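The values are calculated or read from the model by the stated rules, or taken from the named source; none is laboratory data. Since the model is a prediction, treat every value here as computed from it, not as a measurement. Quick reminder, even Gly has a Cβ in these numbers, built from the backbone with ideal geometry, and neighbours come from all protein chains shown.
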Amino acid sequence: MKKTRKHVLNVIFLICITILVLFLSLKDHFSEILYQVFHLNLFWLLVAFLFMVASWLLKALSLYIVTKKIKPTYSFSSSLRLTMITQFFNAVTPFATGGQPFQVYTLKKDGITVTNGTNIIMQNFIVYQVALVFLGVLAVLYNSIFHIFEEVNVLKHLVTLGFMMNTIVVVFLFVIAFGKKINAFILKYVIQLLDRFHLVKNKTEKLQKWESYIENFHVGAKRLLADKKMFIFTVLANFLSLICLYLIPLAILYGMNHYNIHVINCLASSAYTMLIGSFVPIPGGTGGLEYGYTKFFGHFVKGTILNASMLLWRGITYYLGLIIGAITLNIKTKRK
């Protein structure tokens, strides 16, 4: 009940922020921006939608491959349904933190234990982070060579910090997965510290529980890397999913007859924009992502086309997934 109320409050807050962003985007050139939106070439709009669908399908494929290794009867349709519902929970929680707990819960209802479900989600998260960091490396190298975004120094520093944070996450995950002695030392120290401040009950029981959790995660990570074919394939699926997501602005801009941006610049701008969003503690990174988009894509697009493309981009990459995820969740609930 508390979680449901929290999600409702997040949605209300999200609506308020969205209205504010729309007001700031439309207040100066309302009619011109709407003209650009409603005169978009429908072919390129379809391409943008297809890029988004392809991104979802590739995410679902990665989850399906990892899950099927533990439960051979698991279907791709179940993976796709879970991927779409996750879009909703990620969209209505700060830093997209709501999706993974719900995934573990859903996998349990599908007959997968919490331990195995957690392993599946963590394995899938590892391959996603590896793909994200790899693409981030390419974007940072590209800008360091060609100096595309020299005029946005503050945002460049935020992007660098975001890239470093994602890299640290990957390293941290591998340390948890393979540094058993380090984990044991850190875990014992943390539990003792919490016990000293009376923040944890049954110290021995908690220690055993977390040791079991880390051991299971260690086994899952070893299983992931032991199957090199699966590891490479799932990283590739997530990499292509991100590529599809990052190409959506290109299709939108082409639909507005604006061709003054090529594929590589679009990928770099999208990668930088998404890294900015990781710093915004608001569901969907609302506000930060829009600002990042106008600053990075503003190097190639000017005037009302920039704001119109930003609104369409957010509609497709964020609000569409939120709506479809909510519908999918309700359909599934009714079936049950």
Which of (1) in a helix (DSSP H, G or I); (2) at pLDDT below 95; (3) among the aliphatic types (A, V, I, L, M) does residue 200 not meet, given it meets every other one?
(1)
On the given criteria, is residue 60 in a helix (DSSP H, G or I), surrounded by fewer than 20 Cβ atoms within 10 Å (Cβ to Cβ) and in contact with a helix residue (DSSP H, G or I) (Cβ under 6 Å, 6 or more places away or on another chain)?
no
Do the conditions hold for residue 234, that is, is it at pLDDT 90 or above, among the polar types (S, T, N, Q), under 20 Å from the mean Cα position of the chain (by Cα) and under 30 Å from residue 68 (Cβ atoms)?
yes
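Name the single residue, out of those in region 65-98 being in a loop (DSSP other than H, G, I, E, B) and either at pLDDT below 90 or touching a Ser or Thr at 6+ places or on another chain (Cβ under 7 Å) (or both), that is nearest to residue 165 (Cα to Cα).
97
Can you work out which of the residues in region 289-313 that are of a type outside the set (D, E, K, R) and outside any helix (DSSP H, G or I) is surrounded by the most Cβ atoms within 10 Å (Cβ to Cβ)? If you could, list the steps in order and put the result at the bottom.
Looking only at region 289-313, we keep the residues that are of a type outside the set (D, E, K, R), and these are 289, 291-294, 296-301, 303-313.
Retained after the next criterion (residues that are outside any helix (DSSP H, G or I)): 300-301.
Numbers: 300: 18, 301: 23.
So, considering only residues that are of a type outside the set (D, E, K, R) and outside any helix (DSSP H, G or I), the one surrounded by the most Cβ atoms within 10 Å (Cβ to Cβ) is 301.
Is it true that residue 129 is part of a helix (DSSP H, G or I), at pLDDT 80 or above and in contact with a Lys or Arg (Cβ under 9 Å, 6 or more places away or on another chain)?
Values: part of a helix (DSSP H, G or I): yes; at pLDDT 80 or above: yes; in contact with a Lys or Arg (Cβ under 9 Å, 6 or more places away or on another chain): no.
For residue 129, the condition - part of a helix (DSSP H, G or I), at pLDDT 80 or above and in contact with a Lys or Arg (Cβ under 9 Å, 6 or more places away or on another chain) - is not met.
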Scan region 29-42 and tell me whether some residue there is assigned to a helix (DSSP H, G or I), in contact with a Lys or Arg (Cβ under 9 Å, 6 or more places away or on another chain) and either more than 30 Å from residue 78 (Cβ to Cβ) or modelled with pLDDT of 75 or more (or both).
no
